[in-house]
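Since the structure comes first, as structure tokens, the remarks are kept for the end.
The values are calculated or read from the model by the stated rules, or taken from the named source; none is laboratory data. Please read all numbers here as calculations on a predicted model, not as lab measurements. As a convention, Cβ positions derive from the backbone with ideal geometry for all residues, glycine included, and neighbour counts pool all protein chains shown.
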Ligand SMILES: O=c1nc[nH]c2c1ncn2[C@H]1C[C@H](O)[C@@H](COP(=O)(O)OP(=O)(O)OP(=O)(O)O)O1
Ligand SMILES: [Mg+2]
């Protein structure tokens, strides 16, 4: 099986990519397999910029093709926040629980019909000496009033996925992969993968 490296330290993303790449014939490795590699600072002002930053930095470091994911939650009633700051919304220590609690608190007085939100995912494919390729995907939803379900990661328990009529964390991994922002972005990448991977494998 061919190997693809995803430049992420997020366990939840790692699991989803492993599952989504399997039917495509790829074995996934992530930065969890390279503990010596330090976090890339996310200094960009958009998801795309941060995905490119992570992919290009790690591709250069490993001298091979790398895919990076920068993603997050944009809430209409909060003018798009937490957005690119989703991972650290409640503080530097990156706690999913604290992040969700902060959102729920900020939306306490927001009525049901004003709780629209979407997940966004930018995927960047970088190879040394090649132009970086970028795609993105979204998933529409509403912010719930309490946490529901135990699948997934991040903000999944407070995100009601409109397409499925359930909280994201109530969806099995298979169901989430039918509608998620990450899966929607990956689908746009699929047809490009063979050419992006040509000559980009392990050296
Ligand atoms: O499907 C998802 N379901 C729920 N929450 C999600 C999802 N996708 C992204 N998210 C949230 C998690 C985190 O709060 C932020 C990503 O931040 P982001 O910087 O891209 O990832 P990260 O720092 O966790 O790992 P890394 O940069 O190593 O890939 O958005
Ligand atoms: Mg990050």
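Has region 150-172 got at least one residue that is closer than 18 Å to residue 26 by Cβ and modelled with pLDDT of 95 or more? Don't jump to the end; show me each part of the working.
Our first condition is that a residue be closer than 18 Å to residue 26 by Cβ; within region 150-172, this holds for none.
For region 150-172, residues closer than 18 Å to residue 26 by Cβ and modelled with pLDDT of 95 or more: absent.
Are any of the residues in region 20-34 within 18 Å of the chain's Cα centre (by Cα), at pLDDT 95 or above and within 12 Å of ligand 2 (Cβ to nearest atom)? Looking for residues that are within 18 Å of the chain's Cα centre (by Cα), at pLDDT 95 or above and within 12 Å of ligand 2 (Cβ to nearest atom), one finds at least one in region 20-34, hence yes. Residue 139: within 27 Å of residue 178 (Cβ to Cβ), more than 16 Å from ligand 2 (Cβ to nearest atom) and touching a helix residue (DSSP H, G or I) at 6+ places or on another chain (Cβ under 6 Å), yes or no? The answer is yes for residue 139. Restricting 193, 123 to those that are surrounded by 14 or more Cβ atoms within 10 Å (Cβ to Cβ) and at pLDDT below 95 reduces the list to 193.
Annotation: of all residues in region 13-66 being in a loop (DSSP other than H, G, I, E, B) and more than 13 Å from ligand 1 (Cβ to nearest atom), the one that is surrounded by the fewest Cβ atoms within 10 Å (Cβ to Cβ) is 36. For region 67-96, what are the residues that are away from ligand 2 (no atom under 14 Å from the Cβ) and in a helix (DSSP H, G or I)? Those that are away from ligand 2 (no atom under 14 Å from the Cβ) and in a helix (DSSP H, G or I): 76, 77, 78. The condition (being touching a strand residue (DSSP E or B) at 6+ places or on another chain (Cβ under 9 Å), over 24 Å from residue 80 (Cα atoms) and in contact (Cβ under 8 Å) with a residue 60 or more places away in the chain) is satisfied by just one residue among 193, 186, 171: 193.
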